[in-house]
Amino acid sequence: YQRRVRGSFLLAMVRLITFSKRSDDSKKRVGVLVPGKGVVDLSDDYTDMRQFLEKGDEALAKAKAAAEHPKHLLSLEDVVIKAPIYNPEKVVCIGLNYKDHALESNMQIPPEPVFFSKYPSSIIGDGDTILLPPESKEVDYEVELVIIIGKRAKRIKVEDAYNYIVGYTVGHDVSARDLQFAEGKQWVKGKALDTFAPIGPAIVTKDEIKDVHNLGLRCIVNGKVLQNSSTNQLAFNVPQLVSYLSKLFTLAPGDVIFTGTPPGVGFARKPPIFLKVIEN
């Protein structure tokens with residue numbers, strides 16, 4: 001088991017989740033988390049979150065109705081919340097996208113977004129175990145705002161980008177720095193490992209976020225705040241990123257976009273801080 005790493009930003013009241021019942025943990029279900037009340041199960045209509053998002057506005061309307069007038073609630077004690085989406089077509093990540101992080105890294109903001117990929121096998125849920133690979137001794141933490149795509153998008157304009165976003169979650173871009181910065185500097189090699197993309201616990205629909213560019217973003221390791229910034233420090237903002245990526249490849253419902261991390265990462269500290277195995 002590893003150090004518990006928590007990332008958080010202010011979540012709204014409507015939250016889309018993937019969960020299982022404790023009585024049958026093998027079956028993943030789509031649901032709506034109603035804070036303080038429980039979970040509404042939507043799995044009679046949808047097999048997984050990706051299919052739910054592919055159904056578009058009709059599915060969202062059902063989810064919002066369930067949140068506003070919940071029936072047949074499952075108790076939180078009876079469910080296990082998973083990663084909100086575990087089988088996206090793409091997991092795209094943006095590097096060097098916070099002005100204050102670039103400063104601490106002694107790097108310039110690039111003239112256009114720098115991006116790399118993780119894989120669906122990287123995804124785990126909030127609080128799940130991050131597996132530290134024996135090939136790395138320098139595994140780092142990075143809290144990030146994560147965009148979830150809601151509609152197929154190709155060559156869209158910046159001003160239209162929000163129409164293709166369903167909502168947001170929080171993510172952890174786990175990074176093996178010694179692999180990432182080895183000869184050749186292969187970012188995917190250091191960042192796309194299994195369990196290296198914890199996300200969740202929920203997708204907050206975009207209409208519940210008043211200003212996505214004014215969210216607090218924090219990473220807490222073993223009870224200590226090591227990253228504490230705001231999305232107002234983004235170099236390339238949310239619609240710019242979605243538009244830019246859509247001009248290079250088609251974005252599909254359920255695609256996951258990590259938007260970059262603020263300062264305070266482990267490798268930039270003196271002395272550096274890296275995640276360690278905790279023995280039971």
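Looking only at strands (runs of 3 or more DSSP E) that fall completely inside the range 148-255, which ones have 3 or more residues that are in contact with a Gly (Cβ under 6 Å, 6 or more places away or on another chain) and either closer than 23 Å to E112 by Cβ or not polar (S, T, N, Q) (or both)?
Filter on the range 148-255 gives 165-172.
When the residues of the range 95-140 are narrowed to those that are in contact with a Ser or Thr (Cβ under 8 Å, 6 or more places away or on another chain) and in a loop (DSSP other than H, G, I, E, B), which ends up farthest from F181 (Cα to Cα)?
The qualifying residue farthest from F181 (Cα to Cα) is D128.
Among (1) modelled with pLDDT of 95 or more; (2) under 18 Å from the mean Cα position of the chain (by Cα); (3) closer than 21 Å to S105 by Cβ, there is one condition P239 misses while meeting the rest; what is its number?
(3)
Restricting attention to the range 59-105, which residues are modelled with pLDDT of 90 or more, small (G, A, S) and buried (at least 20 other Cβ atoms within 10 Å of the Cβ)?
Hits for the range 59-105 are A59, A63, A83, G95.
Which of the residues belonging to the range 256-280 are of a type in the set (F, W, Y) and part of a helix (DSSP H, G or I)?
If the condition is that a residue be of a type in the set (F, W, Y) and part of a helix (DSSP H, G or I), then F267 is the only one that fits.
So, in the range 48-78, of the ones that are in contact (Cβ under 8 Å) with a residue 60 or more places away in the chain and basic (K, R), which residue ends up farthest from L16 (Cα to Cα)?
If we take residues in the range 48-78 being in contact (Cβ under 8 Å) with a residue 60 or more places away in the chain and basic (K, R), then R50 is farthest from L16 (Cα to Cα).
Just to check your reading of the model, which residue among G171, G150, G127 is of a type in the set (G, A, S) and under 23 Å from A268 (Cα atoms)?
G171
Among the residues of the range 189-206, write down those that are in contact (Cβ under 8 Å) with a residue 40 or more places away in the chain and over 30 Å from R15 (Cα atoms).
Selection gives G190 alone.
Just for the range 256-275: of the residues that are of a type in the set (F, W, Y) and surrounded by fewer than 24 Cβ atoms within 10 Å (Cβ to Cβ), which one is modelled with the highest pLDDT?
Restricting to residues being of a type in the set (F, W, Y) and surrounded by fewer than 24 Cβ atoms within 10 Å (Cβ to Cβ), the top hit is F274.
Of all residues in the range 158-179, count the ones that are more than 22 Å from N214 (Cα to Cα) and either at pLDDT below 95 or open to solvent by 10 Å² or more (accessible area, probe 1.4 Å) (or both).
Qualifying residue count for the region: 2.
If I filter the range 177-215 down to residues being under 15 Å from the mean Cα position of the chain (by Cα) and of a type in the set (G, A, S), which single residue comes out as farthest from L96 (Cα to Cα)?
The residue in question is A202.
The values are calculated or read from the model by the stated rules, or taken from the named source; none is laboratory data. The structure presented is a predicted model; accordingly, all values stated were derived computationally and were not measured. Cβ atoms come from the backbone with ideal geometry, glycine included; neighbour counts cover every protein chain shown. Surface accessibility is based on the protein's heavy atoms, side chains included, excluding ligands, DNA and RNA. Shrake-Rupley method; radii C 1.70, N 1.55, O 1.52, S 1.80 Å.
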